[in-house]
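One structure below.
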Amino acid sequence: MTDYRAPLDDIRFALRHVADLDGLAELESFAHADPDLVDGLLDEAARFYEEVVAPTNRDGDTVGSQRNDDGSVSAAPGFAKAYKQGVEAGWGGIGMPEEYGGGSFPWLLSVAVQEMLTASNMAFS
């Protein structure tokens, strides 16, 4: 198990009191970004990066990626599975327009989620 824990209190403080996410939610295009939904999204992102991505960190450091004889590359154990789960959950697209499969959330929320990704496993990110 990993000891990475997303700093949710700090993230929420920065989003609300520094970046004024609540003010952005008053705009028509971000009306769906109400505090309860954003808190749930942050909680789930934190769970994903703590439980799925962070545990791949050690293998990423100790095993690493391997170049195969045929020129292909095999990622560290667990990377492909974690990547697939992240894609299926849509974490990379929460700030993208809905018409392209994204969540249409303010980009600053995407940055907060990207920070969790990078902090949980920089090599994976």
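The values are calculated or read from the model by the stated rules, or taken from the named source; none is laboratory data. Note that the structure is predicted; figures quoted are calculated from it, not measured. FYI the Cβ positions are ideal-geometry reconstructions off the backbone, even for glycines, and counts take in every protein chain you see.
Quick notes
- Cross-chain or 6+ apart pairs with Cβ under 7 Å, region 57-72 first and assigned to a loop (DSSP other than H, G, I, E, B), then aliphatic (A, V, I, L, M) and modelled with pLDDT under 95: V63/A76; G64/A76; S65/V73; S65/A75; S65/A76
- Residues (in contact with a helix residue (DSSP H, G or I) (Cβ under 6 Å, 6 or more places away or on another chain) and not in a loop (DSSP other than H, G, I, E, B)) located in region 92-116: A112, V113, M116
- Qualifying positions in region 8-35 - exposed (fewer than 14 other Cβ atoms within 10 Å of the Cβ) and either touching a residue at least 12 places away in the same chain (Cβ under 8 Å) or farther than 27 Å from V52 by Cα (or both): H17, V18, D20, G23, E26, L27, E28, S29, A31, H32, P35
- For region 73-122, taking the residues that are among the hydroxyl-bearing types (S, T, Y) and free of Cβ contacts under 8 Å to residues at least 24 places away in the same chain, the one that is surrounded by the most Cβ atoms within 10 Å (Cβ to Cβ) is identified as S110.
- Region 12-41, residues that are outside any helix (DSSP H, G or I) and in contact with a Phe, Trp or Tyr (Cβ under 9 Å, 6 or more places away or on another chain): H32, A33
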